[in-house]
Amino acid sequence: MTLIVKTITRLTVGLILIYGIYIVLRGHISPGGGFAGGVIIALSFIHLILAFGKEEVTRKIDESRGVFFASLGALIFLLVANAGFKGLRLAEHKGHFKVFAAGLIPLYDIVISVLVGAGLYVIFLALALLLEKREEK
Amino acid sequence: MSLYFLCFTLFCVGLYCVLRKRNIIKIIIGLAIIEYAVNLFLVLIGYRTHGRAPIFAEDQVISNMVDPLPQAMVLTTIVIGLAVIAVAVSLAIRIYEKYGTFDITKIRRLKG
Amino acid sequence: MKIILPYFITFPLLAAFLIALLSRKSKIAGELISNLFTFGLLISSWDLVKRVYLYKIIVYKIGGWLPPAGISLVADGFSVFMLLIVNLIAFLVMVYSIRYMQRYTDKWKFYSLFMLMLTGMNGIILSGDLFTIYVFLELASIAGYALVAFGIEPQDLEASFKYAIMGSLASIFILLGIGLLYSYTSTLNLADISWVLAEKPQGFLIGFVSVLFLAGFGLKAALVPFHAWLPDAHSCAPSPVSATLSGVFIKTLGIYALSRIFFNVLGVSGKVLFVFMILGILSMVIGALLAIAQNDIKRMFAYSSISQVGYIIFAFGLGTPLAILGGLFHLFNHAIFKPLLFLNAGSIEYSTGNRRLDKLGGLNSKLPFTGAMSLLGSMSISGIPPFGGFWSKLIIIIAAIQSGYIGMAAVAGLTSILTLAYYLKFQTFAFLGKIDEGCKEAKEVPLSMKFSMLILTAVCVFAGLMLLPEFRSFLQSAADVLVSGTAYKEAVFGMIQ
Amino acid sequence: MELHILLLFMIIASLVAVEAKDLISSVIALSAVGLGLCLSFLILKAPNLAITQLVVEILCVIILIRATINNDLPVVKDGRWLFNTISTFLFIGCFLMLAYFALKELPLFGNPTMRVSSEYISGGLKKTGSTNLVTAIALNFRSLDALTEAAILFAAIIGVLSITRRTGKTHEE
């Protein structure tokens, strides 16, 4: 991509990432939540791939590390959910409009966002690699 | 009622696309349209005239909320739609790689 | 006592996530974890069978929320019947795949996807909530699409794409039906829907919802107008996957969900039963006729699955207690011998690298064990007297005669003869006669693969004993749930309060 | 009224997506449908879904455009084209007619029964502590659905990875 795209990407990617984290953390207060925030986090990485090409980005996070994060997120989600199934309650009644309120819900949101962010990044990476291989032929 | 019917019309446009188009990507687009129509239908059935969004606010008592349960359902179905589309697109790209075409009539090794 | 119910969902999920997590570190994590966990699930489902025998019905409230608001898991006779079959087949298939899957790359993906598919099936069986059934159905289906394409040959991809499109269309029809039903009854719990429907008039809407469900679940069960995807998908998948798909997958996603919703929730009327019967007869005959012409072993078995599923749906359509018992018994038998036959086909492919009947022959001298197992399996499926398949078909035919459908009973009997014909063809071309040039180097399969086939054959041979009064309660309690119809709601709510 | 206009816009955009001659235009028309859906979620008081739909839409369009770029679209008609189209239209017509009669029996638009949902609205904040009721239902009352949803996404990840492997079998027969 051209220099303009790269410079603007450098400026905006951090903002997109922070916006994603904001959406994740306020999922139980305002619209948003783990899934939407996770997709935004994944989109910020995809943005990097689109602007800088995949070599720059995959040096830092490659496919197997993405799978590792996705399965870690899923595993913690499962453990939290298992506690929730048994009726675990964590002070649901106080501090309704704070970030750390609402029992297990913020925890759920955070682990879902890890799963979704890493997972969608891996999906995009797999498809992009496949397409580049085809164009080489 | 008329909104429900328009929503079903959107569903049928997608259905027509899946049933009649030959191009694999077009079929996936048709599936996406059907997903959208069903999601919209689920939210429509939960709407309440002059209702409020199902989010509480500080120092206000809100009683006329729209039905939150279909919205929670749609949250799940959007993810399912994304998963199906991701799998279908990866299959489509692989098929293009092996057969060199997106035309479904030319992709016929299985018969009988 | 109720606490083990959610483990049928969380354990396979845990296995799937762990396999993916450990895939970088260890090469054998997939085999080890999946075998251990499926064995554990088999043991606990046997335990659950005994508990349900004592308590009749077990309800688990997820998160402690009362059912119309929260989700409940329900285990009754029918659920544990399916649960035991599904987990038995899953365990045996996992043992089989240790050696079979060695030819494939990235095996951990196979094991992870398989455990996700198992989660989906267990979830459908245990769920007492309509929308949860849909979500688990999608989980099982998406894992299924990926597993069918696991070999990534061109044909596999084509079959998987066809299956993905048809399967998603079916799911969307089901979701639309759920939306309409939700708008009408304003609840999602199965027992609660049944309550509300009992108080409201049964109008045109319920008919429309029934059509949507019938199309959706019928597509998943591959009943005849909707069967086009099945032969491709089941013949292209790796053999352990075909065994699971044909043996339990279409029964859980199709027949179990269909009969649970129609018998226990919406309530069956004469019209619905008649449609079941017609679909059953059509599937039975057309599946058998198409199977005869096949040259590919797995394709023949796949068409045979359509035909046998037709028997089950036909029996459910008769609606008498005897017919439902016969249908469930046939479901059990088919869930045993069809995986057995697919595993046999997998063994043939493993040893000879081929599954076309015209290139096989005389395998009895090279693969005596597989030959014997497949002979017993073929005899059972085509209804030779001492085996289970004979008794279940006999019960279905007797029930049809009792209900006065003599013509249809005759068709069912004739189809059984057709079944015998194509299994004779399979035996003659593959195992008897002169040995083919291509199969000279064939060797007998390894021990783990023999083990799975041996267990399945043993169950298959002794399945007829299930009709004896001592062992009958397992089958009878499953049939009772379907016969009792919409009394399901009282049973569930009685357990909650 | 604005919903009617939005829905008509979505139907027209979807017709464009179905009938467009090249794939890029039809993907872009699809994204227009998705945007219309997002706006109608906002009008229907579902801001949660509007956000989710918007970001998912962006991702879908990126994936689809990456898949379709540099690819041709063959327009083929075979002998039975007319017959097939007529039968499809007949099927869709029957479906719509049946749906019309079935929809008449639903509660009127704007008046949901809310048998179970009233329970969530009255007690949801106290029981779960979450201000956002949709999140409360999705992650607390019906957390099994959320778990399965995560599993579905996981299945899609592993599925895409397994489909995009370079080779399926270790040695060729």
Among D:LEU8, D:MET114, C:LEU32, flag the residue with its Cα farthest along the positive direction of the charge dipole of the protein assembly as shown, charges on Cβ as +1 for Lys/Arg and -1 for Asp/Glu. C:LEU32
Working from Cα positions, state the angle (0 to 90°, nearest 10) between the long axis of helix A:105-136 and the longest principal axis of chain A. 20
Taking only Cα atoms and a 10 Å spring cutoff, compute GNM fluctuations for chain A and point out the largest among A:GLY119, A:GLY66, A:GLY14. A:GLY14
Estimated FRET transfer efficiency (A:SER64, C:TYR53; beta-carbon r; R0 45 Å; 0.05): 0.45
Between the helical axis of C:130-148 and the dominant principal axis of chain C, each derived from Cα atoms, what acute angle in degrees is found, rounded to the nearest 10? 10
Give the distance, in whole Å, between the Cα centre of the stretch D:123-165 and the Cα centre of the stretch C:354-404. 44
What is the magnitude of the charge dipole of the protein assembly as shown about its Cα centre, with +1 placed on the Cβ of each Lys and Arg, -1 on the Cβ of each Asp and Glu, and no other charges, expressed in debye to the nearest 20? 920
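When the helix-only estimate is applied to chain D (DSSP H runs of n ≥ 4, each -39,500 (n - 2.57), divided by the residue count), what is the mean residue ellipticity at 222 nm, nearest 500 deg cm²/dmol?
That calculation yields -23500 deg cm²/dmol at 222 nm.
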GNM of chain B, Cα pairs under 10 angstrom: of B:TYR16, B:TYR99, B:TYR47, the biggest fluctuation goes to B:TYR99
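Would you calculate, for chain C, the mean residue ellipticity at 222 nm contributed by helices, counting each DSSP H stretch of 4 or more residues as -39,500 (n - 2.57) and dividing by all residues, to the nearest 500?
Working: 19 runs with 348 residues, N = 497.
After summing the helix terms and dividing by the residues of chain C, the value is -24000 deg cm²/dmol.
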With a cut-off of 8 Å between alpha carbons and a minimum separation of six or more residues, what is the relative contact order of chain C in percent? 17
For chain A: lysine pairs with Cα atoms under 28 Å, gap of 8 or more or different chains, count? 10
Going by Cα centres, the stretch C:204-270 and the stretch C:426-453 are how many Å apart? 33
Report Rg/Rh for chain D, rounded to two decimals, where Rg is the Cα radius of gyration and Rh the Kirkwood radius. 1.05
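Compute, for the stretch A:3-136, the length of the dipole vector about the Cα centre, with Cβ point charges of +1 (Lys, Arg) and -1 (Asp, Glu) only. Units Debye, rounded to 20.
Values: 13 positive and 9 negative charges, 90 e Å.
The dipole of the stretch A:3-136 has a size of about 440 debye.
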Between B:ARG108 and D:ILE58, what is the label-point separation in nm under the 7 Å Cα-to-beta-carbon projection? 4.3
Provide the descending list of Cα extents for the stretch C:79-237 along its principal axes, expressed in whole angstroms. 58, 31, 22
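Roughly how large, in nm² to one decimal, is the mean projection of the convex hull of the alpha-carbon atoms in chain C? Before the final figure, lay out the partial values.
Details: hull surface 86.2 nm².
Convex hull of Cα atoms, orientation-averaged projection: 21.6 nm².
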Using Cα-only point scatterers and the Debye equation, what is log10 of I(q)/I(0) for chain B at each q in 0.12, 0.24 Å⁻¹, rounded to two decimals? -0.58, -1.26
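Every number in this text was worked out from the coordinates using simple rules, so none of it is lab data. All of these numbers come straight from a predicted model, not from anything done at the bench. Positions of Cβ are generated from backbone atoms using ideal geometry, with glycine treated the same way; all protein chains shown enter the neighbour counts.
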